[in-house]
Amino acid sequence: MTMTSLLMFAGALLVAAGSPGPSVAALVARVLSKGARDVLPFLVALWIGEAIWLSFAVAGLAAIAESFHLLFVAIKWLGVAYLFYLAWKMWMAEPDLPGDSLPQSRSASKLFFAGLTVTLGNPKVMMFYVALLPSIIDLRSVTLIGWMELVATMLVVLVVVDLGWVTMAANARKLLKSKRAVRIANRASAGTIAGAAVVIATR
């Protein structure tokens, strides 16, 4: 890949990843509700999901999507169901103040599953790799080395953007000074995650 192509890809991805969508909504809501301590499995799953979509685009997304259509539909609805479950749990959660105890840990595998299903079923991610990416890069000429360069560039951009969202959400969480504020934040987070599930379900 030429440096120009990689920079164009990085710039487009920076804009796409930096704008709020279902993945960002789920990430921010999770950090606001439970803190940032155990969020790494969720983040890794988001990045792996994007790498999968990028790889599909390079390998010929249309043919792959047609071959595995039912699998993608199943993953999408599993993700929707799990997001609604998380929203319900957040809505019903008892309001613990951030300083009262360490953030409640969750199963790493459950967080990873949630992140992966959110990304694989995210219409915003799909549209970026299906519609926008082919207009930026001639995917037919991408070699194995070129694919590795694209994945590395993607990871750098996503790590910077997503850690930025995590930092902002973690700082906002510190401002919660009463159980009432925590309850409002939990329920706002629940509404955000439920909204992300609706967006994924209706696309």
Handout entry: Inter-site label distance for LEU155 and ALA131 at 7 Å from Cα along Cβ, in nm
Key = 3.0 nm
Problem - Gain upon complete extension [ALA10, SER55; 0.36 nm per residue less C-alpha separation] - result: 14.6 nm
Handout entry: Gyration tensor verdict on region 106-178 (Cα atoms; rounded if a/c is under 1.5, prolate if a/b is larger than b/c, oblate otherwise)
Key = prolate
Fill in the blank from the handout: Computed ³J(HN,Hα) along region 34-46: with the Karplus parameters 6.51/-1.76/1.60, θ = phi - 60°, integer Hz and x for glycine or proline, the list is 10, x, 9, 4, 10, 8, 4, x, 5, 5, 4, 5, 4
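Each reported figure results from applying straightforward, stated rules to the coordinates on display, with no laboratory input. Note that the structure is predicted; figures quoted are calculated from it, not measured. Note that each Cβ is placed from the backbone with ideal geometry, even for glycine, and that neighbours are counted across all protein chains shown.
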